[in-house]
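To start, the structure under review is shown below, and the notes come after it.
The values are calculated or read from the model by the stated rules, or taken from the named source; none is laboratory data. Remember, it's a predicted structure, so these values are computed and weren't measured experimentally. Using ideal geometry, Cβ is built from the backbone for each residue, glycine included, and neighbour counts are taken over all protein chains shown. The protein model used for the area step is the full one, side chains on, heavy atoms only, and it has no ligands, DNA or RNA in it. Shrake-Rupley method; radii C 1.70, N 1.55, O 1.52, S 1.80 Å.
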Amino acid sequence: LEAYCFFRPDIGYVQGMSYLAAMLLLYMDPVTAFICLTNLLNSSYFHTFFSVNLTQLKKHFKVFEVLFAEHMPSLYNKFHELQISPDMYLMEWFLTLYSKCLPISIASRIWDCFLLDGEVFMFRTALGIIKLYQPQFQKASFEEITVLLSHLPEDIDEGQLFEAIQQIDVPSYVHH
């Protein structure tokens, strides 16, 4: 991470990078991990988040809100009424490619899908998580929802999660 800060002083270190580096170091030697990390962080997806480009971040959150409203309208309305906005939970999920909030085995599988399908899979995963816990969210208060979103259960069922993700269709205009 220190080497990356020297490589890209315009971005420097941003919280969340350590989770990306750690995941890469689990599977490869340090030099290869550094190359992969720099390639990941130089992609437009990560550049938006790590350079804190507010205009682009708002676009990501808006796309998510549109998809959320389309797939789970009643829950979307509840979140909206309780003023639970995507920036309250998506930043951490997206910045770390879910490696902070999910068990390593599930996060690794999400990484595989992200590398295959691109950033659209980040939206599908977020919606899949919300869909999986939709029954709990429907009955929950603001505090209960925000706690669950920021501390997903460690015993999350991988099969059920990926089944929920599979049910999320994303229009082609989002695939850019």
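Quick notes on this structure:
- Condition check for Gln83: in a loop (DSSP other than H, G, I, E, B) and either open to solvent by 30 Å² or more (accessible area, probe 1.4 Å) or farther than 19 Å from Leu152 by Cβ (or both): yes
- Beta carbons closer than 7 Å, at least 6 apart along the sequence or on distinct chains, pair a first residue in segment 155-175 that is within 8 Å of Gly128 (Cα to Cα) with a second that is hydroxyl-bearing (Ser, Thr, Tyr) for Ile165/Thr125.
- Some residue of segment 79-87 being under 28 Å from Ser44 (Cβ atoms), at pLDDT below 95 and aromatic (Phe, Trp, Tyr): no
- Taken over segment 64-80, the criterion of being open to solvent by 30 Å² or more (accessible area, probe 1.4 Å) and either in contact (Cβ under 8 Å) with a residue 40 or more places away in the chain or within 15 Å of the chain's Cα centre (by Cα) (or both) is satisfied by Glu65, His71, Ser74, Lys78.
- Residues in segment 86-99 that are farther than 17 Å from Lys131 by Cβ, among the aliphatic types (A, V, I, L, M) and buried (at least 17 other Cβ atoms within 10 Å of the Cβ): Met91, Leu95, Leu97.
- Identity of the residue in segment 56-113, of a type in the set (Val, Ile, Thr) and out of contact with any Asp or Glu (no Cβ under 9 Å at 6 or more places or on another chain), that ends up nearest to Gln136 (Cα to Cα): Ile84
- Residues in segment 9-25 that are over 9 Å from Leu95 (Cα atoms) and either without any contact (Cβ under 8 Å) to a residue 12 or more places away in the chain or in contact with a helix residue (DSSP H, G or I) (Cβ under 7 Å, 6 or more places away or on another chain) (or both): Pro9, Ile11, Gly12, Tyr13, Val14, Ala21, Met23, Leu24, Leu25.
- Selection over segment 138-155 of residues that are in contact with a Phe, Trp or Tyr (Cβ under 9 Å, 6 or more places away or on another chain) and not small (Gly, Ala, Ser) gives a count of 7.
- Any chance Phe94 is under 13 Å from the mean Cα position of the chain (by Cα), over 27 Å from Leu1 (Cα atoms), part of a helix (DSSP H, G or I) and touching a residue at least 12 places away in the same chain (Cβ under 8 Å): no
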